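For reference, the structure discussed in these notes is given below.
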Amino acid sequence: MVLIGLLVRFLRRYVRQISVLVVLLVGQTIGNLYLPNLNADIINQGVVVGNLHYILRTGEWMLSLTLLIGLASVVAVYWASRVAMGAGADIRQAVFTSVQRFSARDMNSFGTASLITRNTNDIQQIQIFLQMALTMMVIAPIMCFGGIVMALHEGAQLSTLLLVAVPVMAIFISVVMVKVIPKFRSMQTRIDRINEVLREQITGVRVIRAFVRDDFEADRFDHANVSLTDTALSVNRTFALMMPAMMVILNLSSVAVIWFGGRLVSEGSMPIGNLTAFLTYILQILLSVMMAVMVAILVPRAAASAERVMQVLETTPVIEDPRSPVTPRDLNGRVRFNGVSFSYPGSERAVLEGLTFTFEPGATNAIIGGTGSGKTTLLNLIPRFFDTSSGVVSVNDVDVRDQARDDLWHSLGIVPQSAYLFSGTVASNLRFGRAQASNEELWRALKVAQASEFVSQMPGALDAPIDQGGTNVSGGQRQRLAIARALVKRPNVYLFDDCFSALDAATDARLREALATETQGATVVIVAQRVSTIMHADQIVVLDDGRIAGIGSHGELLESCVAYREIVVSQLGEDAAR
C-alpha cells in the first residue's frame with residue numbers, strides 16, 4: 001500500500017519517539033483493562049460483604065492508577081503530535097524539493113494548482129491520519145484482544161455475545177470502506193479543480209472585468225464547487241449512517257449483556273461484580289473497534305493523498321543533471337547553437353529547426369522575428385529549461401546537457417518576458433541572484449536599469465515593500481527592477497526576453513546605452529519585437545517560422561534578408577529601410 005510505504009519512508013528518523021509513545025500507550029491500555037477488574041473486586045469483596053476497609057484500599061489503587069493513566073495519555077498525545085507534525089513537515093519539504101527539480105514540462109504535466117494541493121491539503125490529510133493512527137492503532141488492538149481475554153475471565157458464560165457483536169461491526173465497517181475509498185480519490189481531484197479555477201480567476205481578475213465575464217466565471221466556479229460539494233455530501237451521507245448504526249450495535253450489545261447477565265446473577269451463576277466488569281469489557285472491546293473505525297475513516301482519504309504525493313516524489317524529471325558533470329575551464333560566456341532543432345512533446349511539427357550560430361562574448365546579440373517564430377523557445381534552450389530534440393547548445397564551450405544545472409545557471413542572468421518580483425523589499429529582490437551585494441551595487445544596477453529615480457521616491461527606497469508578483473508597481477517598473485536584478489548578479493551571459501516592451505522609447509534608448517557600458521565583456525542576448533531595441537546590436541538573428549532567415553548587423557540584413565526588411569518597413573516605415 002502506497003500510504004504505508006510513504007509513512008515507513010518518513011518515520012525512520014522518529015523511531016525513538018515512536019518507541020516511547022508505544023510504551024506509554026501500552027501502559028495506558030493495560031491500566032484501562034485492569035480498572036474493571038478492580039471495580040469487580042470492590043463490588044464482590046467490598047460492597048457485597050460490607051468490607052469498608054477493602055473498598056477504601058482498592059479505591060486508592062484505582063485512583064492512583066487513573067492518575068497514571070491520565071498522565072500517560074497526555075504525554076502520549078504530545079509525542080504523537082510531535083511525530084505527526086514532524087513527519088508532515090519532512091514530506092512537505094521532500095515534495096517541495098522534488099518540484100524545485102522539475103522542468104517546465106514536468107510542471108505542466110501536473111499543473112500548478114495540483115502541485116499546490118498536493119503540498120498542502122494532501123499532506124495535511126496524511127498528518128491527520130498519522131496522528132490518529134499513532135495513538136488509536138496502538139490502543140485499539142491491545143484493548144480489543146485484552147478486553148476479550150479479560151471478559152472471558154470474568155464471564156465465560158456470556159462469550160457468545162462477543163462472537164456476535166464484534167464480527168457484525170467488523171463486516172459493517174468493511175462494506176462502508178469499500179464504498180467510500182473511490183469517492184475520496186474523486187474529492188481530491190475536485191479540490192484540484194477548485195484551486196485551478198480560483199487561481200485563474202484571482203490572477204486574471206482584471207481581464208475578467210475588462211471583458212465583463214464575471215457571470216461566466218462565477219458559473220464556472222459554481223460548477224466546480226457544486227461538483228466537490230456533491231462528492232463530499234455523498235461521503236458524509238455514508239458516514240452519517242455509519243455512526244448511528246455502530247451505536248445501535250454498541251447499545252444492543254449492552255442490553256444483551258445486562259439481560260442475559262442479569263439472569264445469571266439472579267440464578268447465582270455469576271457474581272454481580274463480574275457482570276459489571278464484563279459489561280465494561282464488552283464496551284471497551286466495541287469502543288476499540290470504533291477507534292479502529294475512526295482511523296479507518298481517515299484511511300481512504302489519506303491513501304488517496306499518499307498516492308498523489310508519491311506521484312510527485314517518484315517523478316523522474318525530464319531534465320536532470322548528468323552523472324558526471326563537466327565544469328567549463330573558461331567562463332568566457334560564448335553561446336553556440338549547432339544544428340539545433342526542437343519540438344514540444346506531442347507536436348508533429350518542429351518549433352525550431354536547423355539553427356546554427358554563435359553569440360560571442362563582449363558582443364550584443366539580438367533575436368527578432370514574427371509572433372510564434374520561436375524566439376522565446378530558442379532563448380529557453382540556453383538555460384536548459386528544455387532539451388533540444390537534436391543538435392547541441394553550448395555555453396562556455398561546453399554542452400549544456402553535460403553541465404550541472406546550478407553551474408550553468410550561475411553563468412546566466414535571465415530577465416523573462418513577464419517580469420516577476422517576489423514578496424519582500426526592493427533590496428531583497430535585487431539580491432535574489434547575489435545575496436552579498438552591497439547597497440552601492442544595488443543603486444548602480446538601478447541607475448543602469450533606469451529605475452533609481454522611482455525607487456528613490458518610494459517610501460523606504462531600497463527597503464520599500466514589494467507585493468507578491470510585484471503587483472504594487474507598474475509593468476515598466478517591474479521590468480526595470482527585473483533588469484537590475486540580473487545586473488546585480490554580474491553573470492557571464494545576459495538573456496533579455498523581450499523585457500523592454502513596457503518601456504517608452506526614451507527610457508528604452510537610455511537603458512540600452514547604459515547596458516552597453518555595464519555589460520562590456522559579457523555576452524548579451526536580447527529577444528525583441530521592436531526593431532528600435534535591437535538595431536544597434538553587433539549581430540541580429542532573424543527567425544521566420546522556426547528557421548533562420550538571416551544573420552548579420554542591421555545594415556547587412558537590410559540588404560540581404562527580406563524577412564528583416566519587411567519587419568523594419570512595418571515598424572519604422574519605408575524610409576528607415578533605405
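The C-beta contact set for the stretch 366-395 (first residue within 18 Å of Pro345 (Cβ to Cβ), second residue part of a loop (DSSP other than H, G, I, E, B) and not hydrophobic (A, V, I, L, M, F, W, C), distance under 7 angstrom, 6+ apart or interchain) comprises Gly374/Gly546; Thr376/Gln417; Leu381/Thr388; Phe385/Ser103; Ser389/Ser343. When the criteria are applied in full, Val15 meets the requirement of being under 30 Å from the mean Cα position of the chain (by Cα) and surrounded by fewer than 17 Cβ atoms within 10 Å (Cβ to Cβ).
Looking only at helices (runs of 4 or more DSSP H) that fall completely inside the stretch 1-117, which ones have 3 or more residues that are touching a residue at least 12 places away in the same chain (Cβ under 8 Å) and among the aromatic types (Phe, Trp, Tyr)? Spell out the reasoning first.
Working: elements: 2-11, 15-42, 52-100, 104-110, 112-117.
In the stretch 1-117, 52-100 are the helices (runs of 4 or more DSSP H) which contain 3 or more residues that are touching a residue at least 12 places away in the same chain (Cβ under 8 Å) and among the aromatic types (Phe, Trp, Tyr).
Quick one: which of Gly362, Gly339, Gly333 is in contact with a Gly (Cβ under 6 Å, 6 or more places away or on another chain), assigned to a loop (DSSP other than H, G, I, E, B) and at pLDDT 85 or above?
Numbers: Gly339 fails: assigned to a loop (DSSP other than H, G, I, E, B); Gly333 fails: in contact with a Gly (Cβ under 6 Å, 6 or more places away or on another chain).
Answer to the selection: Gly362.
Starting from residues that are farther than 17 Å from Asp538 by Cα and of a type in the set (Lys, Arg), keep the ones in the stretch 334-393 and report whichever is surrounded by the most Cβ atoms within 10 Å (Cβ to Cβ). Residue satisfying both the conditions and the ranking: Lys375.
If we scan the stretch 296-305, do we find a residue that is crowded, with 19+ Cβ neighbours inside 10 Å and closer than 19 Å to Phe110 by Cβ? Checking the stretch 296-305: at least one residue is crowded, with 19+ Cβ neighbours inside 10 Å and closer than 19 Å to Phe110 by Cβ. Only one entry of Ser269, Ser288, Ser234, Ser254 meets the criterion of being outside any helix (DSSP H, G or I), modelled with pLDDT under 85 and in the same structural domain as Gln100 (by TED's automatic domain parsing), and that entry is Ser269.
Please go through the stretch 429-470 and pick out each residue that is small (Gly, Ala, Ser) and touching a strand residue (DSSP E or B) at 6+ places or on another chain (Cβ under 8 Å). If the condition is that a residue be small (Gly, Ala, Ser) and touching a strand residue (DSSP E or B) at 6+ places or on another chain (Cβ under 8 Å), then Gly433, Gly460, Ala464 are the ones that fit. Search the stretch 494-530 for residues being more than 16 Å from Thr376 (Cβ to Cβ) and touching a strand residue (DSSP E or B) at 6+ places or on another chain (Cβ under 9 Å), and hand back the single one that is surrounded by the most Cβ atoms within 10 Å (Cβ to Cβ). Here the answer is Thr523.
Looking only at the stretch 464-498, count how many residues are of a type in the set (Gly, Ala, Ser), touching a residue at least 60 places away in the same chain (Cβ under 8 Å) and under 25 Å from Arg206 (Cα atoms).
Going residue by residue through the stretch 464-498, those that are of a type in the set (Gly, Ala, Ser) are 464, 469-470, 474-476, 482, 484, 486.
Pick out the ones that are also touching a residue at least 60 places away in the same chain (Cβ under 8 Å) and you get 482, 486.
Applying the additional criterion that residues be under 25 Å from Arg206 (Cα atoms) yields 482.
Number satisfying all stated conditions: 1.
Whether a residue is under 33 Å from the mean Cα position of the chain (by Cα), closer than 30 Å to Leu298 by Cβ and surrounded by 15 or more Cβ atoms within 10 Å (Cβ to Cβ) was assessed, and Glu217 does not pass this test. Checking each residue in the stretch 282-296 for being under 37 Å from the mean Cα position of the chain (by Cα), among the β-branched types (Val, Ile, Thr) and within 14 Å of Met169 (Cα to Cα) picks out Val289, Val293.
If I filter the stretch 200-210 for residues that are under 25 Å from the mean Cα position of the chain (by Cα), among the hydrophobic types (A, V, I, L, M, F, W, C) and exposed (fewer than 11 other Cβ atoms within 10 Å of the Cβ), do I get at least one hit?
Our first condition is that a residue be under 25 Å from the mean Cα position of the chain (by Cα); within the stretch 200-210, this holds for 200-205.
Within this subset, residues satisfying the condition of being among the hydrophobic types (A, V, I, L, M, F, W, C) are 202, 205.
Still in the running and exposed (fewer than 11 other Cβ atoms within 10 Å of the Cβ): 202.
Checked the stretch 200-210: at least one residue is under 25 Å from the mean Cα position of the chain (by Cα), among the hydrophobic types (A, V, I, L, M, F, W, C) and exposed (fewer than 11 other Cβ atoms within 10 Å of the Cβ).
Selection over the stretch 424-463 of residues that are in contact (Cβ under 8 Å) with a residue 24 or more places away in the chain, in a loop (DSSP other than H, G, I, E, B) and farther than 24 Å from Ser501 by Cβ gives a count of 4.
So that you can scan it fast, the table gives a plain yes or no per residue for (1) polar (S, T, N, Q); (2) touching a helix residue (DSSP H, G or I) at 6+ places or on another chain (Cβ under 7 Å):
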{"position": "Gly362", "(1), (2)": "no, no"}
{"position": "Asn365", "(1), (2)": "yes, no"}
{"position": "Ser394", "(1), (2)": "yes, yes"}
{"position": "Ile414", "(1), (2)": "no, yes"}
{"position": "Arg431", "(1), (2)": "no, yes"}
{"position": "Arg444", "(1), (2)": "no, no"}
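Conditions tested, residue by residue: (1) at pLDDT 85 or above; (2) surrounded by fewer than 17 Cβ atoms within 10 Å (Cβ to Cβ).
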{"position": "Ile30", "(1), (2)": "yes, yes"}
{"position": "Ile42", "(1), (2)": "no, no"}
{"position": "Glu60", "(1), (2)": "no, yes"}
{"position": "Leu68", "(1), (2)": "yes, yes"}
{"position": "Trp79", "(1), (2)": "yes, no"}
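The strands (runs of 3 or more DSSP E) found wholly in the stretch 518-578 and carrying at least 1 residues that are over 22 Å from Ala363 (Cα atoms) occupy 539-544, 547-552.
The values are calculated or read from the model by the stated rules, or taken from the named source; none is laboratory data. None of the values given here were measured: they were computed from a predicted structure. Note that we place each Cβ from the backbone using ideal geometry, even for glycine, and neighbour counts take in every protein chain shown.
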